[in-house]
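Enquirer: The structure under discussion is supplied below as structure tokens; questions concerning it will follow.
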Amino acid sequence: MPMSRDAQRPSKPLSYPLGKHHPERLHTPTGKTLEAMTFQAVLDGRVTAEDLRITAETLQLQAGIAESVGRTQLAGNFRRAGELTAVSDERILQIYNALRPGASTCDELLAIAKELEEQYGAKSSAALVREAASVYKRRGILSDSHG
């Protein structure tokens, strides 16, 4: 899911927590505002499970805040998480399990990286999977095969 340039790098510094300091910047995947997310809306059935998911845009905003205070690793984690919002929960769990040492061959991990990059545009996440494949190979913790 491509990010707007504004979502990736806000023009003015943002403060955490976003919900307190910048509620106008937050919305659900279905477009509801933070203000619309009330207990009464839940009781009335106007809030669905999809509304409770975080958006890629929110994660990118959090990455910008983390980066602005020197937390570059945390910023990278937020950015990768933002990329992965386009991937189904089921597929995320499959990838998670495939990344366990000894669970996958190098080719299988490289295929996952290719899928992440080509199908979802998740370049940072793909790079992380490629790095894992390289490290697993060097440490001898790849699966020989599945049979």
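Enquirer: State, to one decimal in nm, how far the label point of Lys123 lies from the label point of Asn97, with both points 7 Å from Cα in the Cβ direction.
Expert: 3.2
Enquirer: With all pairs of different alpha carbon atoms counted, what Kirkwood hydrodynamic radius in Å does the chain show?
Expert: For the chain, the Kirkwood estimate is 17.1 Å.
Enquirer: Consider just the alpha-carbon atoms of the stretch 72-138 and return their Rg together with their Dmax, both in angstrom.
Expert: My reading of the Cα-based Rg and Dmax gives 11.4, 31 Å.
Enquirer: Can you compute the radius of gyration and Dmax for the stretch 1-86, using only the Cα atoms, both in Å?
Expert: Cα-based Rg and Dmax for the stretch 1-86 come out at 13.5, 42 Å.
Enquirer: Measure nothing fancy, just the Cα-based angle from helix 89-98's long axis to the longest principal axis of the chain, in degrees from 0 to 90, nearest 10.
Expert: It is inclined by approximately 30 degrees.
Enquirer: Given the options Glu57, Glu108, Glu24, state which has the largest fluctuation in a GNM of the chain using a 10 Å cut-off (strictly under) for Cα springs.
Expert: Glu24
No lab work stands behind these numbers, since they all come straight from the coordinates. Keep in mind it's a predicted model, so treat the numbers as computed, not measured. All Cβ positions, glycine included, derive from the backbone under ideal geometry; neighbour counts span all protein chains shown.
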